[in-house]
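Q: The structure follows.
The values are calculated or read from the model by the stated rules, or taken from the named source; none is laboratory data. None of the values given here were measured: they were computed from a predicted structure. Positions of Cβ are backbone-derived with ideal geometry, glycine not excepted, and every protein chain shown enters the neighbour counts.
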Amino acid sequence: MFITQKHLPRRTVLRGLGATLALPLLDGMVPAYAAMRNTAANPVRRLGAFYVPNGMEMRAWTPQGDGLNFEFSPILQPLAPFREHVNVLTGLCDNPAVPLPGEGIGDHARASATWLTGINVKKTEGLDIRAGTSMDQIAAQVFGKETQLASLELGIDSVETLGACDAGYSCAYTNTIAWRTPTTPLPMENDPRAVFERLFGSADSTDPAARLARIRQDRSVLDYLTDRVTGLKQDLGPGDRTKLAQYLDAIRDVERRIQMAEQQNDREIPFVERPVGIPDTFDGHARLMLDLLALAYQTDLTRVGTFMLSREVSSRAYPEIGVPDAHHGCSHHQNDPVKLEKLAKINTFHIEQFAYFVDKLQSIPDGDGTLLDHSILIYGAGISDGNIHFHMDLPTVVVGGGGGRLTGGRHLRYVTDTPLTNLYVSVLDKLGVPVESFGDSTGELQTLSGV
């Protein structure tokens, strides 16, 4: 490393539009000491994936009847008002979560880490984690070219609590369902204030004047930073020039997002004040986070979102619904009717929060329909029966119109062991992001794709 008289502070930082941009450490740097047009023919489509842990009380989940002639089960009852947008899928499996020879325990970590990736994960408690790129990030790579944020990852549980992870597996596997690359898990954000600031910066509200002032300030800082960095090129060695080129690529991406923000600043945005903290109750917290996700969709700041209603192995209790017991303990019910009833209450409470979000999207106009009409939302788990850590016959619901590419109101039964990833191949196709295969997929879901 060479010591020179040149000095550009590494901590030159640009904050705003969800970006924190700091100059990488260069050898020559050390001092002497949305948007697409939303029309009926080409609506903007959105994707959401919502995960619940520890399995399900399947007897209270699975509907009676098939096809159009099904009855909502007790757990699914909160979705009944949205029947025409709801598809309940039975028979899908997450084979990559099943332990390979010698892997043994760790079904909870494998459940969440494989749910959106369809790839068997490396069993390790170290830094050498490896899963697969999740399907939401496949969509984000395409949709992110048109939005300020490629994706948004939200959760309710704190990822700072690292003591309740699955034996033999890094907490990275249970802390998220979103993986940008096989070795890059995306952290779930559970602080509403942090989410608001990522969406709208440090302003106290979504007031357009304050937002425009912040955008202009960001541009001013960015212009200054670009001029200073560009001037370094002639004094750098080959290695540093490569690093600098990568850094300037990141700057250009931020420039693109600032330009989009300026173009979209006249878009009508609901007035929302910046949250002050995390609500005390589970449903209050969940609904505030879901409101922010709906707002991100509505303002086209992102079109891709993932949401963890809780983490695997969660010991959260729900006294507000009459369940003072730990969730994970209830899931290991041993067919005890009392524990099964409590588990069903938790499962229903979770889907009530999801139904709140569905209702929210249905109430927001979007082009020639609503946000719900133009979205595909996947709700489910990587475990069905938590008592035996069963990864077959997974509880799965698909909600939304997909911009006219998805018909609801059905209970669709598939052949046992149909890969869950077949659903993702179908969903990505309906979103306009077709892939030939994904994870352990064997093709598209025929009935779903035949719509």
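Q: Pairs needed: first member in the stretch 357-371, at pLDDT 95 or above and of a type in the set (Phe, Trp, Tyr); second member anywhere, part of a helix (DSSP H, G or I) and surrounded by 16 or more Cβ atoms within 10 Å (Cβ to Cβ); C-beta distance under 6 Å; at least 6 residues apart or different chains.
A: Pairs found: Phe357/Leu290.
Q: Would you mind finding the one in Gly402, Gly409 that is buried (at least 23 other Cβ atoms within 10 Å of the Cβ), touching a Lys or Arg at 6+ places or on another chain (Cβ under 7 Å) and assigned by TED's automatic domain parsing to the domain that holds Pro96? Steps first, please.
A: Numbers: Gly409 fails: buried (at least 23 other Cβ atoms within 10 Å of the Cβ).
The conditions single out Gly402.
Q: Sticking with this structure for a sec: Which numbered condition trips up Thr447, out of (1) modelled with pLDDT of 95 or more; (2) part of a helix (DSSP H, G or I)?
A: Unmet condition: (1).
Q: Separate question: Limited to the stretch 411-429, what total is found for residues that are closer than 22 Å to Pro43 by Cβ and in contact with a helix residue (DSSP H, G or I) (Cβ under 8 Å, 6 or more places away or on another chain)?
A: Residues flagged as closer than 22 Å to Pro43 by Cβ and in contact with a helix residue (DSSP H, G or I) (Cβ under 8 Å, 6 or more places away or on another chain) within the stretch 411-429 amount to 6.
Q: How about the stretch 315-352: which of its residues are closer than 17 Å to Asp385 by Cβ and assigned to a loop (DSSP other than H, G, I, E, B)?
A: Across the stretch 315-352, the qualifying residues are His332, His333, Gln334, Asn335, Asp336.
Q: Assigned by TED's automatic domain parsing to the domain that holds Cys93, on the phi > 0 side of the Ramachandran plot and of a type outside the set (Gly, Ala, Ser): is that true of Asn335 in this structure?
A: Criteria met by Asn335.
Q: I've got another one for you. Of all residues in the stretch 130-149, how many are buried (at least 19 other Cβ atoms within 10 Å of the Cβ) and modelled with pLDDT under 95?
A: 3
Q: Any idea how many residues of the stretch 130-159 are in contact with a Pro (Cβ under 7 Å, 6 or more places away or on another chain) and part of a loop (DSSP other than H, G, I, E, B)? Step through it out loud before you land on a result.
A: Kept after step one, since they are in contact with a Pro (Cβ under 7 Å, 6 or more places away or on another chain), are these residues of the stretch 130-159: 130-133, 153, 159.
When the remaining residues are screened for being part of a loop (DSSP other than H, G, I, E, B), the result is 130-133, 159.
Final tally of qualifying residues: 5.
Q: Step by step: first the residues of the stretch 91-110, then only those that are in a helix (DSSP H, G or I) and in contact with a Ser or Thr (Cβ under 9 Å, 6 or more places away or on another chain), then the one that is surrounded by the fewest Cβ atoms within 10 Å (Cβ to Cβ). Which residue is that?
A: Checking each candidate, the answer is Asn95.
Q: Within the stretch 110-120, is even one residue of a type outside the set (Lys, Arg), in the same structural domain as Tyr169 (by TED's automatic domain parsing) and touching a Lys or Arg at 6+ places or on another chain (Cβ under 8 Å)? Lay out the reasoning, then the answer.
A: Taking the stretch 110-120 and keeping what is of a type outside the set (Lys, Arg), we get 111-120.
In the following step, the residues that additionally are in the same structural domain as Tyr169 (by TED's automatic domain parsing) were identified as 111-120.
If we keep only those that are touching a Lys or Arg at 6+ places or on another chain (Cβ under 8 Å) too, we end up with 112, 120.
The answer is yes, given that some residue of the stretch 110-120 is of a type outside the set (Lys, Arg), in the same structural domain as Tyr169 (by TED's automatic domain parsing) and touching a Lys or Arg at 6+ places or on another chain (Cβ under 8 Å).
Q: Among the residues of the stretch 318-353, which ones are over 16 Å from Glu57 (Cβ atoms) and within 24 Å of the chain's Cα centre (by Cα)?
A: Gln353
Q: Is it the case that Glu273 is surrounded by fewer than 21 Cβ atoms within 10 Å (Cβ to Cβ), modelled with pLDDT under 95, in contact with a helix residue (DSSP H, G or I) (Cβ under 7 Å, 6 or more places away or on another chain) and not assigned by TED's automatic domain parsing to the domain that holds Leu47?
A: Spelling it out, it is not the case that Glu273 is surrounded by fewer than 21 Cβ atoms within 10 Å (Cβ to Cβ), modelled with pLDDT under 95, in contact with a helix residue (DSSP H, G or I) (Cβ under 7 Å, 6 or more places away or on another chain) and not assigned by TED's automatic domain parsing to the domain that holds Leu47.
Q: Quick one: count up the residues across the stretch 388-433 that are farther than 30 Å from Ala326 by Cα and not in a loop (DSSP other than H, G, I, E, B). If you could, list the steps in order and put the result at the bottom.
A: Filtering the stretch 388-433 for residues farther than 30 Å from Ala326 by Cα gives 400-419, 421-433.
After this cut, where a residue has to be not in a loop (DSSP other than H, G, I, E, B) as well, the list is 410-419, 421-430.
Of the residues in the stretch 388-433, 20 are farther than 30 Å from Ala326 by Cα and not in a loop (DSSP other than H, G, I, E, B).
Q: If we scan the stretch 374-387, do we find a residue that is aliphatic (A, V, I, L, M) and part of a helix (DSSP H, G or I)?
A: First, the residues of the stretch 374-387 that are aliphatic (A, V, I, L, M): 376-378, 381, 383.
Subsequent filtering for residues that are part of a helix (DSSP H, G or I) retains none.
Checked the stretch 374-387: no residue is aliphatic (A, V, I, L, M) and part of a helix (DSSP H, G or I).
Q: Out of the stretch 362-376, which residues are aliphatic (A, V, I, L, M) and in contact with a His (Cβ under 9 Å, 6 or more places away or on another chain)? Break it down stepwise before answering.
A: Start the filter on the stretch 362-376 by keeping residues that are aliphatic (A, V, I, L, M), which leaves 364, 371-372, 376.
Once the filter is applied, which keeps residues that are aliphatic (A, V, I, L, M) and in contact with a His (Cβ under 9 Å, 6 or more places away or on another chain), the stretch 362-376 yields only Leu372.
Q: Can you tell me which of Val98, Val86 is of a type in the set (Val, Ile, Thr) and in contact with a Leu (Cβ under 9 Å, 6 or more places away or on another chain)?
A: After applying the criteria, what remains is Val86.
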